[in-house]
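Data block below; observations after.
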Amino acid sequence: MSGAPSLGALIGAALLAAGRPVQVRELAGVLGVPEDAALREVQAFTARLQAADMGFAVEAVAGGYRLVVPGPLSGHLAPLLAPPPLPPLSGAALEVLAVIAYRQPVTRAEIEAMRGGSAGTVVTLQERELVKVVGRSDAVGGPLLYGTTERFLLEFGLTGLEDLPPLENANFSHLLRS
């Protein structure tokens, strides 16, 4: 490649190399343009990529953009992907995850009170990096406070917590990717 790279080439390279969602302000810095121009360039790159039918796409998630394999193609790639996917979350784990997502920051005791049962699956959710300790409560003993992670947003295809369905319609099981 001779001369200066195109803005599209820089966007594609940045999204591929980062391995995480890249925010518009970061892309603006890489491209050397204002954020509104960077956003227009990302949209143009996304359209060109879609038209080219190259087997990957740009996804807006977790406050940024990343390159992904579209769902219909991912099943064909299963033999190449490792490690094997984790088993689906149990109903209890989904309930605990929902409580944390909607009520964060929240203590284990508050989770147990809302569920009417044990919050033992918090450890599983932490191991999967879906929830993390976000601080300590001012309550007696300073119990740990839990909240969701960026990985939670990534796994459930959410741009931010404001994308969660209304609480009365919440059903995390339909958000799980198979």
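Over the chain, what relative contact order in percent results from Cα pairs under 8 Å that are six or more residues apart?
Values: 197 pairs, mean separation 30.6, N = 178.
Across the chain, relative contact order equals 17 percent.
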Viscosity 1.002 mPa s, 20 °C: Kirkwood-radius Stokes-Einstein D of the range 91-175 over Cα pairs, µm²/s
165 µm²/s
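Report, in deg cm²/dmol and to the nearest 500, the calculated mean residue ellipticity at 222 nm for the chain, where each DSSP H run with n ≥ 4 adds -39500 (n - 2.57) and the sum is divided by the residue count. Walk me through the intermediate numbers first.
Details: 8 runs with 75 residues, N = 178.
Computed ellipticity for the chain at 222 nm equals -12000 deg cm²/dmol.
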Based only on Cα atoms, what mean projected area does the convex hull of the range 65-119 have, in nm²?
6.0 nm²
With charges set only on the Cβ (+1 for Lys and Arg, -1 for Asp and Glu), what does the dipole of the range 91-175 come to about its Cα centre, in debye to the nearest 20?
220 debye
Cα-Cα P(r), the chain, percent of pairs per 10 Å interval
8, 29, 28, 22, 10, 2, 0
Cα convex hull of the range 7-75 - mean projected area over all directions, nm²
4.4 nm²
Top of LEU49, LEU67, LEU154 by mean-square fluctuation, Gaussian network on the chain, Cα under 10 Å:
LEU49
Please name which of PRO72, LEU86, VAL122 has its Cα lying farthest along the dipole of the chain towards the positive end, using unit charges on Cβ (Lys, Arg +1; Asp, Glu -1) and the Cα centre as origin.
LEU86
Given springs between every Cα pair under 10 Å in a Gaussian network model of the chain, which of LEU27, LEU73, LEU97 has the largest fluctuation?
LEU73
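Readers should treat all values here as calculations from the given coordinates under stated rules, not as data from a laboratory. The shown structure was predicted, so the numbers you read here are calculated from the model rather than taken from an experiment. Glycine gets a Cβ as well: all are built from the backbone with ideal geometry, and neighbour counts include every protein chain shown.
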